[in-house]
Amino acid sequence: MVKTTTNEQSVNDTRMQCNIDSNTHDNTVEILKQKGDEFDWSSYQQGLVLSAYLYGHICSQFIYLSLTRITGPYYINFISLLISGLLSMLTPASAGLGFGACFAVQFMLGVLQFTNLVIYSMWESWSPAEERSKLLSFATSGCASLLLSFMWLWLVFESPDDHPRISETERRYIKQSNAITCMKQNGMLSSLTAFCVWAFMMFFGWLSQVIVRRRNMSVINTRRMFTLLSMILPAALLIIVAYTGCNEALTVSLVAISAGFSGTSSAAFKVNVFEIAPSYGGVIYSVISFISCLSGLLAPALIGALNNNKNLLLRWQIVCWIASIVNIIGAVVFLVTLRVDVQKWAMVDNNQQSTEYKPL
């Protein structure tokens, strides 16, 4: 396990505010101490490992654009998925080798994430204009599911007793630890959030197609509506989350719903890339991904600053407000500059356009 660096006083203060059973907390802490600090990494190193994927993903934008000059996105995506799968399986072993090895593996995983860029590059040729928002939702979900299905078969087993690659000490720790309850709760929370994102993305992707096809609303107003749903509404929900305090059920519900509505972006700014510049979808999405990955560079500094505050609930209020403000600013900029027709700079003469690539 990674050595915990949580401020114990802040945990105690929050425990008192939320009336958490001290015996349950103390038992969990004692179990973790008995397990030992297998990975004695500082909070700074832990932040770097968590951000390594995004560091690599920033580089992937430039690498992808360079590779498309050599071969088409078809082979690029195959190689990306193949090597990513292998690196994912090496992640536990890399952590055992040390911080540097674990960081390198996570960094390379970020470098090789070309799938979304490939989808945007190929979508102009494969998606009818009126069905792009729905098909984009299905394609994004499908690619993720395909990759995760193989990882699931390789890494997950019915129980610790069935797993062939964990030590006897770890097996015994998992079975005997009272902290297993917390693990189950965290797993359920993560699953609920992911399910909401998937469900909302699929439903609203379909709804967007229906609205556009039936002419119930103009295309530009459809994009505006889904921008409000995918950016402004989640921001409002996060602000509410900041003040739900110790109400676990309400907090979890609001976070899941907020994450779910963020999935409707496939019918907003994501599909808009194809409307304004269908021939440059991959390039534009590379720029979008590059900017979005900058959050990975800023996160460690932000967490370090927030750690100076001993009130854990106040920290989360600050986090919720920052996320909400970023969402609102992004939505306002997008709505002000929104266009749905092909821009002059993106027009390509079909007689001169070539989709041939050099073979590998």
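The values are calculated or read from the model by the stated rules, or taken from the named source; none is laboratory data. Just so it is clear, the structure is predicted and the values come from calculations on it, not from any experiment. All Cβ positions, even for glycine, are placed from backbone atoms using ideal geometry, and neighbour counts span all protein chains on display. Just so you know, the surface numbers come from the protein's heavy atoms only, side chains and all, with ligands and any DNA or RNA stripped out. Shrake-Rupley method; radii C 1.70, N 1.55, O 1.52, S 1.80 Å.
Name the helices (runs of 4 or more DSSP H) wholly within the stretch 172-243 that hold at least 3 residues that are surrounded by fewer than 14 Cβ atoms within 10 Å (Cβ to Cβ) and modelled with pLDDT under 90?
180-213
Only one of these is at pLDDT below 85, closer than 28 Å to Ala242 by Cα and in contact with a helix residue (DSSP H, G or I) (Cβ under 9 Å, 6 or more places away or on another chain): Gly304, Gly282. Name it.
One residue alone meets the criteria, Gly304.
Do the conditions hold for Ala249, that is, is it modelled with pLDDT under 85, out of contact with any Phe, Trp or Tyr (no Cβ under 6 Å at 6 or more places or on another chain) and hydrophobic (A, V, I, L, M, F, W, C)?
yes
For the stretch 276-292, enumerate the residues that are part of a helix (DSSP H, G or I), open to solvent by less than 40 Å² (accessible area, probe 1.4 Å) and not polar (S, T, N, Q).
Ile276, Pro278, Gly281, Gly282, Ile284, Tyr285
Give me the residue from the stretch 254-275 that is at pLDDT 90 or above and over 15 Å from the mean Cα position of the chain (by Cα) and, out of that set, surrounded by the fewest Cβ atoms within 10 Å (Cβ to Cβ).
The qualifying residue surrounded by the fewest Cβ atoms within 10 Å (Cβ to Cβ) is Ile257.
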